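Report on the structure given below.
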Amino acid sequence: MNKKVVVLTGAGGVLCSTLALALSKEGHKIAVLDLKKEAADKVANEINNAGGTAIGVVVNVLEKESLLAAKEEINSKLGPCDILVNGAGGNHPLGTTSNPHLEKEDLTNTTEGFKTFFDLDSSGIQFTFNLNFIGTLLPTQVFAQDMIGRAGCSILNISSMNAFTPLTKIPAYSGAKAAVSNFTQWLAVHFSKVGIRVNALAPGFFLTDQNRALLTENDGSLTPRGNTIIGQTPMGRFGTPEDLIGTTLWLCGDGAAFVTGVVVPVDGGFSAFSGV
Ligand code: NAD
């Protein structure tokens with residue numbers, strides 16, 4: 001890969017901070033964007049201390065003004081954006097049901113916080129759709145302007161397993177990631193004449209601080225949901241953030257020059273397995 005300016009959103013987080021470090025080791029200049037300034041700066045410092053070039057930039061991917069200000073800073077300090085990784089994303093508890101399936105007795109369950117489909121709050125659903133879908137669209141509107149007509153530019157979105165088949169309990173997150181996958185294909189076609197490739201990663205199950213309590217008990221053993229996931233993952237383990245590096249370098253590099261509009265599962269075989 002020729003040396004590029006790479007902009008990653010959500011790069012103060014677990015997965016994209018790992019991708020930011022890996023891309024910097026390839027010699028690229030890195031803009032680490034995150035809602036949390038401290039988290040962005042920490043990753044940028046780590047890259048700079050390791051001999052790379054990075055800046056931490058606070059941004060809200062849901063606010064165009066904030067993205068335009070970030071672009072101005074990045075353009076003046078690093079140059080025009082060659083590669084955009086849309087990593088900011090996540091779920092919201094108000095868009096999540098308590099149980100995987102509705103049972104008749106759920107309708108009379110008075111446990112505090114217990115939620116059936118009928119209790120889902122549209123604000124949680126909107127939050128999740130906005131963060132994952134609008135939070136991918138707006139940064140693309142801002143940073144893809146740098147890429148028009150320049151060689152070797154590309155966009156990498158972050159979808160999920162639940163975009164192929166929805167996971168129980170999380171209809172909002174599943175629908176939002178399905179929108180990200182669909183948008184990846186739409187944008188790949190839309191940008192095909194101006195030289196911008198658009199692809200996505202679909203990570204399987206990665207044990208991170210956000211889901212550790214859901215998937216593992218205090219003693220490190222698996223919860224029932226953790227067990228179900230591992231049982232459905234032919235390779236028999238959770239992913240590690242480092243498992244995403246190879247596919248990211250490939251999709252963002254010259255080796256993928258004729259690859260656009262694909263959503264690549266990195267999932268230990270989860271999406272290939274029927275469960276039987
Ligand atoms: P994470 O929570 O560690 O990182 C997400 C980062 O996004 C955080 O640092 C957060 O501050 C930032 N962010 C949140 N809202 C923002 C906003 N409005 N503007 C700018 N930044 C914002 O999550 P992660 O596990 O590293 O996930 C990264 C991406 O991968 C997400 O899109 C997630 O949906 C997706 N994903 C994760 C997994 C997994 O198992 N962890 C699996 C599939 C897909």
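I'd like the orientation of helix 37-49 relative to the chain: the angle between its Cα long axis and the longest Cα principal axis, in ° from 0 to 90, rounded to 10.
With rounding to tens, the tilt is 50 degrees.
For residue 85, which sequence-distant residues (separation of 5 or more, or a different chain) have an amide H within less than 5 Å of its own amide H, given hydrogens modelled in the peptide plane?
7, 8, 9, 156
For residue 117 and residue 272, calculate 0.36 nm times their separation in residues minus their Cα-Cα distance, and state this gained length in nm to one decimal. Please list the in-between numbers first.
Details: separation 155, 0.36 × 155 = 55.80 nm, distance 2.83 nm.
Gain on extension, residue 117 to residue 272, equals 53.0 nm.
Report the Cα-based extents of segment 135-276 along its three principal axes, largest first, to the nearest Å.
Here the Cα extents, ordered largest to smallest, are 53, 30, 30 Å.
Along the Cα→Cβ direction, 7 angstrom out, place labels at residue 50 and residue 258. What is the inter-label distance in nm?
About 3.3 nm, to one decimal.
To make sure I understand, if each residue's beta carbon is the centre and we count other beta carbons within 10 Å, what order do 17, 123, 66 fall in, fewest to most? The partial results should precede the final answer.
Numbers: 17 24, 123 11, 66 18.
Ascending number of Cβ neighbours within 10 Å: 123, 66, 17.
Compute the semi-axes of the equivalent ellipsoid of segment 1-128, taking the square root of 5 times each eigenvalue of the Cα gyration tensor, and list them largest first in whole Å.
39, 15, 11
Going by C-beta contacts inside 10 Å, put 119, 267, 219 in order with the fewest on the left. Intermediate results must be reported in sequence, preceding the final value.
Details: 119 12, 267 24, 219 5.
Fewest-to-most ranking of 119, 267, 219: 219, 119, 267.
With charges only on Cβ, +1 for K and R and -1 for D and E, what is the dipole size of the chain about its Cα centre, in debye, rounded to 20? Don't jump to the answer; show the numbers that get you there.
Details: 20 positive and 24 negative charges, 159 e Å.
Once rounded to the nearest 20, the dipole reads 760 debye.
Please report the net charge: other residues with Cβ closer than 11 Å to the Cβ of residue 164, K and R +1, D and E -1. Numbers along the way, then the final one.
Working: positive: 177; negative: 267.
Its environment carries a net charge of 0.
Calculate the spin-label point distance for residue 194 paired with residue 99, positioning each point 7 Å from the Cα along the beta-carbon direction, and give it in nanometres.
5.0
Compute from the Cα atoms of the chain the Rg and the Dmax, the latter being the longest Cα-Cα distance, and quote both in angstrom.
Radius of gyration, then largest Cα-Cα span, for the chain: 19.1, 61 Å.
How many nm is it between the label spots at residue 37 and residue 130, if each spot is 7 Å from the Cα in line with the beta carbon?
The modelled label-to-label distance comes out at 2.2 nm.
Would you order 129, 191, 273 from fewest to most other beta-carbon atoms within 10 Å of each residue's own beta-carbon?
Working: 129 18, 191 21, 273 14.
Neighbour counts put them in this order, fewest first: 273, 129, 191.
Bear in mind that the values in this text are calculations on the coordinates, not laboratory data. Predicted model, so just to flag it, every value in this text is computed and none were measured. Cβ coordinates were reconstructed from backbone atoms using ideal geometry, including for glycine residues, and neighbour counts include every protein chain displayed.
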